[in-house]
């Protein structure tokens, strides 16, 4: 049973109360801002148009509602864990405490895929909005340096060039890597400023375009299915929810900062649930306005919200929207990369990854080596790879983690019913099973290729676990070695 050895809740609580070396500087506002920083970005500025045009039509509103509901079930379960075990590591740590080491490794390895690939995907979207903004103000960046290697870029005169690499995407990830090395407080302050900017832009979009809605664009609200499972109709709404779930992965990044929260038992649930509710409401409003202003068939563009502004006749405000999108995507990259380093930090402290991973910088008190490694791991693919199916892969990894965490809450309720829980998942015997079932349901709607790639990634993780991690597990050493 060595594969299912568990960390004790008491031990984790002692670890949380002790000096981890990380600075406790984040309050509830910081945590809500971190969540909003990670959630508002790709969902509003890119996926709104993609899902409306390809999957759900005006019923993209229902896709966001369905994905948000599944996320809320999982968020309530996350909040209970975050209040009981307020340590860095998020779902990885929760799995270790309830389902055992093998499940913890699977979740941790899954989160590596989720956070790193999400940051890569968003960095490429960031580059696209930057190029669009510069073009709008008459500055032309070299096309060879603004697209993935080998991509054919069509110029204004109709000629084409072959791209070498996506320089803006690489530059932004390197800058954020530097910021994360400098410190969590500095990173949080920058994120707070960015969040204020992008939320202001989103609210301005709502106020300035709501009067431009043409109700005829909402008919039919649910377009008839075209024959393909994911193309419109009820099945298209579900498929769209699976895609836009990419936009909800940010709230679990809040839980990775538990050991940097001032009062995690109180503040973590506030940060997780507060940020998710705010963003779900904004997503639904913006998607309704977007499909009301522009026919859904015309929204399959890299910058759909900027197109909404153009159709609404907002003129110069289109460039303001692009600035807001750039700001929004910047904070998403920041929070995703921060979350990745904190998961690595926890896995290393448990011996499942080498010790150098959790080395803290002597001045900044941040896990600087792993931050740099993550930065390189995000920067290289951002510069050279296309990520057309990345949203599917990130979503399936996120949904798997959510399902396991939801199941873990029930397991802990059964094993330790009298455990002090500063926050309790309401109606847990309904909420937790619904967290599992809704996550699995959305996973089932994703393309088979996403399942295949997830299986390959997890197989690589199993090789590492049985080749290194199981032998070096500190929990195994405490118990006298492997069984």
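Rule-based calculations on the coordinates, nothing more; no lab input. Fair warning: this is a prediction, and the values are worked out from it, not measured in the lab. Cβ sites come from the backbone with ideal geometry, for glycine too, and all protein chains shown count toward neighbours.
Points worth noting:
- Among 153-165, 40-52, 452-464, the order from most to least packed when residues are scored by Cβ within 10 Å on average: 40-52, 452-464, 153-165
- Quarter of the Cα convex hull surface for the stretch 302-413, i.e. its orientation-mean projected area (nm²): 11.3 nm²
- Förster radius 56 Å - calculated FRET efficiency between residue 210 and residue 14, Cβ distance, rounded to 0.05: 0.60
- Residue 452/residue 411 FRET efficiency (R0 22 Å; Cβ-Cβ; nearest 0.05): 0.15
- Crossing angle, helix 28-39 versus the chain [Cα axis fit, 0-90 degrees, rounded to tens]: 50 degrees
- Computed E for residue 298/residue 234 - FRET, C-beta separation, R0 30 angstrom, nearest 0.05: 0.80
- Over all pairs of different C-alpha atoms, the stretch 99-173 has a mean inverse distance whose reciprocal, the Kirkwood radius, equals 14.3 Å.
- Using the rule -39500 (n - 2.57) for each DSSP H run of four or more residues, divided by the residues of the chain, the 222 nm mean residue ellipticity is -21500 deg cm²/dmol.
- Residue order, fewest to most surrounding Cβ atoms within 10 angstrom, among 345, 468: 468, 345
- Pairwise centroid distance, computed over Cα atoms, of the stretch 87-155 with the stretch 190-264, Å: 17 Å
- Calculated Rg and Dmax of the stretch 43-173 using C-alpha coordinates, Å: 20.3, 61
- Exposure proxy ranking for 260, 479, based on other Cβ atoms within 10 angstrom of each Cβ and starting from the fewest, stands as 479, 260.
- At full extension, residue 479 and residue 263 could sit 74.6 nm farther apart than now, given 0.36 nm per residue minus the alpha carbon distance.
- Legend: ranking of residues 332, 343, 301 from fewest to most surrounding C-beta atoms inside 10 Å; resulting order 301, 343, 332.
- Relative contact order for the stretch 2-478, counting Cα pairs under 8 Å that sit 6 or more residues apart, in percent: 33 percent
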